[in-house]
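First up is the structure itself, then whatever we jot down about it.
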There are 2 protein chains.
Amino acid sequence: MAVELLDNEQTELRLSQLNQALGSGMFVHVRQMLLNMAASDIALVLESSPPRTRQILWQLIDQEQTGEVLEELGEELKDQLIRQMSPERLARAAAGLDTDDLAYILRSLPDSLYKQVLQSMGSQDRSRAEQALAYPEESAGGLMNTDTVTIRPDVNLDVILRYLRQRGSLPEATDTLYVVDRRDILLGGVNIATLLTRDPSTPVRELMDADLEAIPVTMADSEVAQLFERHDWLSAPVIDQDGRLLGRITIDDVVDVIREDADHTMMGMAGMDEDEDTFGPVLRSTLRRSMWLTINLFAALLAASVSNLFENTLEQFATIAILMTIVPSMGGVAGNQTLALVIRGIALGHIGQSNSRWLLGKELAIGFLNGLLWSSLVCLAIWVWKGEWQLGALIGGAMLINMTVAGLAGAAIPLLLKKLKVDPALAGGMLLTTVTDVIGLFAFLGLATLFLLR
Amino acid sequence: MAVELLDNEQTELRLSQLNQALGSGMFVHVRQMLLNMAASDIALVLESSPPRTRQILWQLIDQEQTGEVLEELGEELKDQLIRQMSPERLARAAAGLDTDDLAYILRSLPDSLYKQVLQSMGSQDRSRAEQALAYPEESAGGLMNTDTVTIRPDVNLDVILRYLRQRGSLPEATDTLYVVDRRDILLGGVNIATLLTRDPSTPVRELMDADLEAIPVTMADSEVAQLFERHDWLSAPVIDQDGRLLGRITIDDVVDVIREDADHTMMGMAGMDEDEDTFGPVLRSTLRRSMWLTINLFAALLAASVSNLFENTLEQFATIAILMTIVPSMGGVAGNQTLALVIRGIALGHIGQSNSRWLLGKELAIGFLNGLLWSSLVCLAIWVWKGEWQLGALIGGAMLINMTVAGLAGAAIPLLLKKLKVDPALAGGMLLTTVTDVIGLFAFLGLATLFLLR
């Protein structure tokens with residue numbers, strides 16, 4: 001059968017065959033294997049290889065494939081490879097690309113190289129590039145392609161059918177032809193399935209969907225992604241403030257935005273950049289991660305300086321020192337649950353002015369209830385372990401305070417950061433941990449000092 | 001202009017209008033507002049409302065819209081609403097649904113209700129439902145719709161065009177007609193753009209893409225999502241082991257899988273279920289979160305029992321107690337960075353047999369280098385703060401050990417869990433924190449006991 005499939009096992013197999021061929025220096029064979037692979041699969045192999053293998057593979061990839069492979073790569077690796085390429089090779093690679101990818105490559109170049117590459121391009125590519133660069137990268141304008149097929153409302157379907165047959169092909173992933181007036185104002189859209197199923201004598205005006213929703217060119221790309229997800233769109237037209245059609249956004253580019261946003265949240269919460277390259281060089285990774293560690297060091301020193309306030313108590317009661325890590329730990333976990341929930345809610349567009357107060361109340365209540373539950377259990381556990389009910393009561397009380405605060409802080413911190421236009425995924429976790437560490441230690445050591453030290 | 005747009009601000013506005021109308025008891029007005037909204041927007045409003053408001057809104061939604069709204073909801077809320085519905089209302093709601101959503105609803109019913117609902121259905125819906133239930137939910141079979149349009153290879157394009165015009169419409173999001181032989185074996189596909197642009201006298205055999213990749217019905221849904229992302233597909237055919245066409249998967253359903261997988265990873269790492277409902281009832285949320293807190297309590301007690309081993313040291317040196325939280329904290333952050341990177345790499349299909357050893361080596365090296373860097377800095381900071389270089393050296397040494405272990409554990413734990421077929425996003429974080437806490441405390445208190453206690 002002609003229908004073939006590349007699943008993960010086959011990727012793994014192919015990867016090991018490539019590695020074997022590379023290892024034994026059979027470069028001609030490798031080049032042949034690469035020629036038979038789709039650009040997306042080559043990109044996967046590059047992403048999955050250590051630096052040295054990558055270098056060799058990159059040399060062996062056919063010039064014709066360079067552009068397409070670049071399109072499929074993650075940002076860190078893409079930037080790194082672009083920096084190595086000559087202006088001529090870049091210009092040639094850029095020739096076949098979509099407008100948005102073209103803009104990406106040009107944007108990532110240093111100024112001098114940028115001009116060189118632009119000059120090496122054909123005039124058509126150059127004007128496409130200049131068009132694409134007119135909009136910020138993380139906006140609808142940066143995401144759109146300008147290859148729309150437009151039609152007029154006052155012709156019949158058979159005219160359109162003849163025109164398309166003459167045209168010979170449609171731009172990739174075209175599912176809608178856009179109806180515009182003489183000034184390019186968007187009037188509606190005609191799904192191409194409609195063209196196939198309706199009577200050819202029908203006028204376009206009757207076929208078209210005039211309630212088509214359009215995206216303003218300035219909309220943020222994450223908001224575009226939310227709209228696509230919510231409405232199950234495959235493509236959407238992009239308009240300027242006067243309603244003129246500028247281009248279209250297709251779902252495949254939106255999927256990349258969804259993936260990037262999700263990676264950004266998940267990696268950001270762990271204190272990483274979403275572009276961090278899994279198989280990148282050791283030194284670069286070490287440096288990239290140190291920023292977060294610096295911040296954490298200050299947070300940890302802050303927590304230690306809280307303990308320092310209670311040196312006296314710690315000197316007299318070693319047991320307090322032994323138990324003091326439990327309270328911050330439970331508060332941290334409880335707060336982090338709330339934080340993750342609220343960050344996701346913000347990302348999905350579920351949380352706004354009208355319901356954030358309710359949410360704060362709910363998370364405060366959960367924090368308090370969980371605090372009650374766990375402080376009783378811990379109180380009991382410590383009583384059994386250390387044989388002193390006072391110690392259990394102390395740790396229980398501190399935990400109740402800390403978990404209640406954790407619930408409130410876990411919801412309030414991301415909401416506050418969002419208002420300040422700081423990314424909650426990046427700053428939220430560290431701020432929260434600092435709060436739960438400081439409050440947890442303060443509550444436990446403070447209570448211990450009050451009740452044990454007479 | 002006819003072209004309208006619903007962005008986040010307008011959602012917010014509509015939400016507050018709805019709330020106002022609800023608050024003043026204008027239910028007829030609310031019902032009218034809901035009737036004018038798209039199902040996806042109603043779902044958004046439901047997701048964003050507290051429990052009581054939800055109940056009222058749900059009563060006011062038109063019967064006709066029920067099914068579509070259910071399709072768009074998150075799992076926790078969907079399950080809750082389904083449990084309240086009568087079998088008749090469920091059967092009616094199910095009538096208009098896609099096969100995959102139909103299967104979802106039926107699967108979530110208790111056995112007795114399930115049979116009742118199935119009996120209330122029309123025979124066509126019932127057979128569709130039974131077909132859909134034949135495959136596990138998280139497989140290509142569970143994701144596919146069976147509404148494919150198939151054609152034969154031996155006719156000309158104009159026959160197809162006439163057939164489609166007679167048909168009058170195409171299933172939603174159809175971008176490809178599938179070419180099958182008499183036994184339903186998939187031979188290839190014809191993009192509908194091709195139908196519009198090519199000469200009507202061309203035979204289908206010449207038009208069709210015979211290299212079409214097809215998805216086996218048993219493939220896991222996450223793997224399906226990877227393939228769609230990698231190849232920028234809009235739809236793909238699903239086949240059984242003999243190559244027979246069973247249905248098709250469309251990108252809008254895949255986007256849901258991508259979103260669910262991403263949520264699962266992010267929420268899982270924070271110890272939450274991805275279905276956790278942001279505006280759900282307090283008590284249910286409290287209970288749902290307590291599992292993770294239980295595990296964390298054991299981890300924290302384990303860490304405390306490590307400190308307990310060194311009670312003697314802690315009794316003599318309060319400073320050690322004050323500083324002892326720093327080492328686990330830095331190890332935890334460093335390990336968590338590696339963990340997030342490796343979990344993402346696994347999710348993207350970048351990490352396999354051939355490169356995991358390299359990755360372990362890399363993360364070990366980064367852990368060691370970061371350990372060197374931070375232990376020197378901390379050593380210096382503590383020397384300055386406490387005026388004792390021995391103390392600085394102790395904490396620095398412990399931190400070097402802990403961060404190196406953290407790098408190794410952060411990479412090894414998810415790889416190991418993956419081998420054991422345990423979800424690294426769920427279990428990874430807690431295991432890692434336990435390792436870095438225990439090793440961190442053991443290293444610091446152990447070194448302190450060795451060198452300070454004579």
Out of curiosity, is B:ALA393 in the same structural domain as B:THR436 (by TED's automatic domain parsing), among the small types (Gly, Ala, Ser) and touching a residue at least 24 places away in the same chain (Cβ under 8 Å)? no
Which residue is surrounded by the most Cβ atoms within 10 Å (Cβ to Cβ), if the candidates are limited to the range B:43-66 and must be more than 24 Å from the chain's Cα centre (by Cα) and in a loop (DSSP other than H, G, I, E, B)? B:ILE61
Please work out which residue is modelled with the highest pLDDT, limiting yourself to the range A:258-275 and to residues that are closer than 18 Å to B:ALA334 by Cα and surrounded by fewer than 22 Cβ atoms within 10 Å (Cβ to Cβ). A:HIS264
Going through the range B:288-301 one residue at a time, which ones are among the polar types (S, T, N, Q) and surrounded by fewer than 21 Cβ atoms within 10 Å (Cβ to Cβ)? B:SER290, B:THR294
Given the criteria within 8 Å of another protein chain (Cβ to nearest Cβ), free of Cβ contacts under 8 Å to residues at least 40 places away in the same chain and surrounded by 21 or more Cβ atoms within 10 Å (Cβ to Cβ), does A:ALA304 qualify? yes
Does B:GLU71 satisfy the condition of being in contact with an Asp or Glu (Cβ under 7 Å, 6 or more places away or on another chain) and touching a residue at least 40 places away in the same chain (Cβ under 8 Å)? no
Identify all residues within the range A:42-64 that are among the charged types (D, E, K, R) and closer than 20 Å to B:GLY352 by Cα; write none if there are none. A:GLU47, A:ARG52, A:ARG54
Given the structure, is A:LEU18 assigned to a helix (DSSP H, G or I), in contact with a Ser or Thr (Cβ under 8 Å, 6 or more places away or on another chain), within 14 Å of another protein chain (Cβ to nearest Cβ) and without any contact (Cβ under 8 Å) to a residue 60 or more places away in the chain? no
Mind checking which residues of the range A:433-454 are part of a helix (DSSP H, G or I), farther than 11 Å from A:PRO328 by Cα and in contact (Cβ under 8 Å) with a residue 60 or more places away in the chain? A:LEU445, A:GLY446, A:ALA448, A:THR449, A:PHE451, A:LEU452
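For (1) among the charged types (D, E, K, R); (2) surrounded by fewer than 24 Cβ atoms within 10 Å (Cβ to Cβ); (3) modelled with pLDDT of 90 or more, each residue gets a yes or a no:
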residue: B:MET330; (1), (2), (3): no, no, yes
residue: B:THR338; (1), (2), (3): no, no, yes
residue: B:VAL342; (1), (2), (3): no, no, yes
residue: B:HIS350; (1), (2), (3): no, yes, no
residue: B:GLN353; (1), (2), (3): no, yes, no
residue: B:LEU364; (1), (2), (3): no, yes, yes
residue: B:ASN370; (1), (2), (3): no, no, yes
residue: B:TRP383; (1), (2), (3): no, yes, no
Scanning the range B:93-112 residue by residue, the ones that are in contact with a Ser or Thr (Cβ under 8 Å, 6 or more places away or on another chain) and at pLDDT below 75 total 1
Residue in the range B:363-377 that is nearest to the chain's Cα centre (by Cα), counting only those that are within 7 Å of chain A (Cβ to nearest Cβ) and in contact (Cβ under 8 Å) with a residue 12 or more places away in the chain: B:ILE366
Starting from residues that are of a type outside the set (Lys, Arg) and away from every other protein chain (no Cβ under 14 Å), keep the ones in the range B:27-42 and report whichever is surrounded by the most Cβ atoms within 10 Å (Cβ to Cβ). B:VAL30
Can you give me the number of residues within the range A:203-224 that are at the interface with chain B (Cβ under 9 Å from one of its Cβ atoms) and either outside any strand (DSSP E or B) or in contact with a helix residue (DSSP H, G or I) (Cβ under 6 Å, 6 or more places away or on another chain) (or both)? 7
Just checking, does the range B:79-96 include any residue being buried (at least 19 other Cβ atoms within 10 Å of the Cβ) and within 14 Å of another protein chain (Cβ to nearest Cβ)? no
Determine whether A:ALA129 is touching a helix residue (DSSP H, G or I) at 6+ places or on another chain (Cβ under 6 Å) and of a type in the set (Gly, Ala, Ser). yes
Condition first: more than 8 Å from chain A (Cβ to nearest Cβ) and among the polar types (S, T, N, Q). Now tell me which residues in the range B:249-291 satisfy that. B:THR250
Please work out which residue is surrounded by the fewest Cβ atoms within 10 Å (Cβ to Cβ), limiting yourself to the range B:234-256 and to residues that are modelled with pLDDT of 90 or more and outside any strand (DSSP E or B). B:GLN241
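The values are calculated or read from the model by the stated rules, or taken from the named source; none is laboratory data. No experiment lies behind these values; they were computed from the predicted model shown. Virtual Cβ from ideal backbone geometry, glycine too; neighbours counted across all protein chains shown.
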